[in-house]
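Let me begin by presenting the structure, written as C-alpha cells, before commenting on it.
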Amino acid sequence: MQDILNFLLEIGKLKKMPRTGWVWLGIKNPETIGQHIFRVAVMNWILAQKVRPKLNLKKIIKISLVHDLCEVFVGDMTPYWGLLPKDIKKRREVLKRWIRLPLKMKKKRDSVKFKKEKDSIQKLTKFLKPNLKKEIMNCWLEYERMVTREGKFVKQGDKVETLLQALEYWGSKPNTPVIGWWEEVEDMVDNQVLINFLDKIEKNFYGKKKVDGELKFLLEIGKLKTMPRTGWVLRNVKNPETIAEHIFLLTIASWILGQKKRLNLEKLIKMSLVYEICEVYAGDTTPYDGIVPNNNAKKTLERWPRFLQKEKEKRFFKDYGKEREALKKIISELPISLKKEIFEFWNDCKKRQMPEGKFVNQVYWLVTYLQALQYFKQNRKFPILAWYEQMREFIDDQTLLELMEEMEKKFLPKKLFFDRAN
C-alpha cells in the first residue's frame, strides 16, 4: 500500500502543474495537466463511441488517463521546447504559428523527448506490481507510438482538446495563438469522427452557430477546471484543488485500487469520471451546508457534523434531487444511449446500491482525505480532525482502510493527533 500511496502522491502533483504553452503565452491561472487529463479522458470516451469499427472504450480512457503522467518528472515538453527566444514579445509571436522543422531535426528532437518521458514513466511506476507497471507503460507507448487504433485516436483527441482550450482562452479573435493549434490538428487529425467534431468547433466559434450535442457538453464540463472545491474554500486554502483536478485523481485511484477487487473496472473508471460533473450547475455541496454560522465558522469546521438518521436522509434526498436535475441538464443533448449510461453510473455512485458505486463513493472520500492531509502538512492549523472522524464513518472497504492507514502514518503526528481525537 505504501507504493500505491507514493504513486498517487506523485501523480497528484499534476493537479498543480500548469501546462507550459499557456504559461509561455501569459495566461492568468493557466490550466493544469491534471485538469487537461480529465477532459481528454471524458472527450475521448464520448467521441470514440462513434468510431466504426468499434474501439475498446476501456483502453481509450486508460490511455487518456496515462498519456501525460510522465510530466510529473520531466514537465510539459511542448514541440517548442528549446527553440523559443528569451524575449517575451518575440516568444509570443513565434507561438502564434505551428512550428515547422526539417524532418531530420524533428526526428532527433522526438527521440530525445521520447527517452526522457519513457524514463519518467519508468521512475513513476517502478515500485508498482509488475502487471500494473506493464499496463501503464503499454498504455503510454500506444499513445506515443500510435501503434494501435486506440492509441492513435487518443493522440489526435489530445490535440483537439488543446485546441478547444485555446479557443476558450482567446475565442475567434484574429492574430492569436489559436491559429497554431488549428495548423497542428489539420496536420495530424485524420479520424473522421474527430474531423466532424472539429467542423462543429469551427462553426461554433467562427460561424456563431448555436453550440449543441457533445461540444456543448464538453464546454460545460470544462468549467470544472476552474471551479474550486467548496470544502477547501471554506477552510481558506490558498489556490485550492478544483473539481476537475479531484476527478482526475479519483479516476486513476479507482482504476489502480479497483484492480484488487472483483469489480467491473470499466464501470469504476467511467463512474469516477462522471461522479461530480453535475456540479457544473449544482455547485459543490458539503456536509456543512446550512450549518456554518457566519460568526463562528472556524469552530464548526473543526469537527465532523453529526446528524440523526432522519436528518441525514432528509439532507441526502435534498442534495440528490438538486444534483439529479443538474445532471439531466448537462447531459440533455448527448445521444440517448450515452445519457442513459452516464445517468445510471452517477445514480449508482450516489445511492451506493451496487458494489461498483459503493467502492467509487469510498474512493472519492479517501482521495479527498488524502488532499486534506496534504493541506494539513502545509498548515498545521488546517482542521484535519474533522476528516479523521468522517473517514471512520464512510469507509469500510478493507483495501481502502489499509491505504488510509498508510496515509495517516505518513502525514499525522500520532501523539498530538490522538490526544485531540480523544
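The values are calculated or read from the model by the stated rules, or taken from the named source; none is laboratory data. Note that the structure is predicted; figures quoted are calculated from it, not measured. Using ideal geometry, Cβ is built from the backbone for each residue, glycine included, and neighbour counts are taken over all protein chains shown.
Based on this model, can you work out whether K115 counts as of a type in the set (K, R) and either in contact with an Asp or Glu (Cβ under 6 Å, 6 or more places away or on another chain) or modelled with pLDDT of 95 or more (or both)?
Criteria met by K115.
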**Prompt:** Do any residues in segment 2-23 that are more than 15 Å from A253 (Cβ to Cβ) have Cβ atoms under 7 Å from those of residues that are assigned to a helix (DSSP H, G or I) and among the hydrophobic types (A, V, I, L, M, F, W, C), where the two are at least six apart or on different chains, and which pairs are they?
**Reply:** M17/I33; R19/I33
**Prompt:** Among helices (runs of 4 or more DSSP H) lying entirely in segment 253-353, which contain 1 or more residues that are of a type outside the set (D, E, K, R) and in contact with an Asp or Glu (Cβ under 7 Å, 6 or more places away or on another chain)?
**Reply:** 265-274, 279-282, 309-330
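Okay, residues lined up against (1) basic (K, R); (2) under 17 Å from M354 (Cα atoms); (3) in contact with a Ser or Thr (Cβ under 8 Å, 6 or more places away or on another chain):
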residue: T226; (1), (2), (3): no, no, yes
residue: G231; (1), (2), (3): no, no, yes
residue: N236; (1), (2), (3): no, no, no
residue: E241; (1), (2), (3): no, no, no
residue: L250; (1), (2), (3): no, no, yes
residue: R262; (1), (2), (3): yes, yes, no
residue: K267; (1), (2), (3): yes, yes, no
residue: M271; (1), (2), (3): no, yes, yes
residue: Y275; (1), (2), (3): no, yes, no
**Message:** Which of the numbered conditions does N204 fail, given that it passes all the others? Conditions: (1) assigned by TED's automatic domain parsing to the domain that holds K339; (2) assigned to a helix (DSSP H, G or I); (3) not aliphatic (A, V, I, L, M).
**Reply:** (1)
**Which numbered condition I63 misses (of (1) assigned to a helix (DSSP H, G or I); (2) more than 20 Å from the chain's Cα centre (by Cα); (3) at pLDDT 90 or above)** = (2)
**Asked** Among the residues of segment 119-147 satisfying the criterion of being within 16 Å of N56 (Cβ to Cβ) and either without any contact (Cβ under 8 Å) to a residue 24 or more places away in the chain or outside the structural domain of M77 (by TED's automatic domain parsing) (or both), which is surrounded by the fewest Cβ atoms within 10 Å (Cβ to Cβ)?
**Response** V147
**Request:** Out of the residues in segment 344-355 that are in contact (Cβ under 8 Å) with a residue 40 or more places away in the chain and farther than 12 Å from D397 by Cβ, state the one that is surrounded by the fewest Cβ atoms within 10 Å (Cβ to Cβ).
**Result:** D348
**Message:** Residues that are touching a residue at least 24 places away in the same chain (Cβ under 8 Å), under 20 Å from the mean Cα position of the chain (by Cα) and surrounded by 14 or more Cβ atoms within 10 Å (Cβ to Cβ): does segment 191-212 have at least one?
**Reply:** no
**Message:** Going by what's in this entry, would T251 be described as under 30 Å from K16 (Cβ atoms) and in the same structural domain as R92 (by TED's automatic domain parsing)?
**Reply:** no
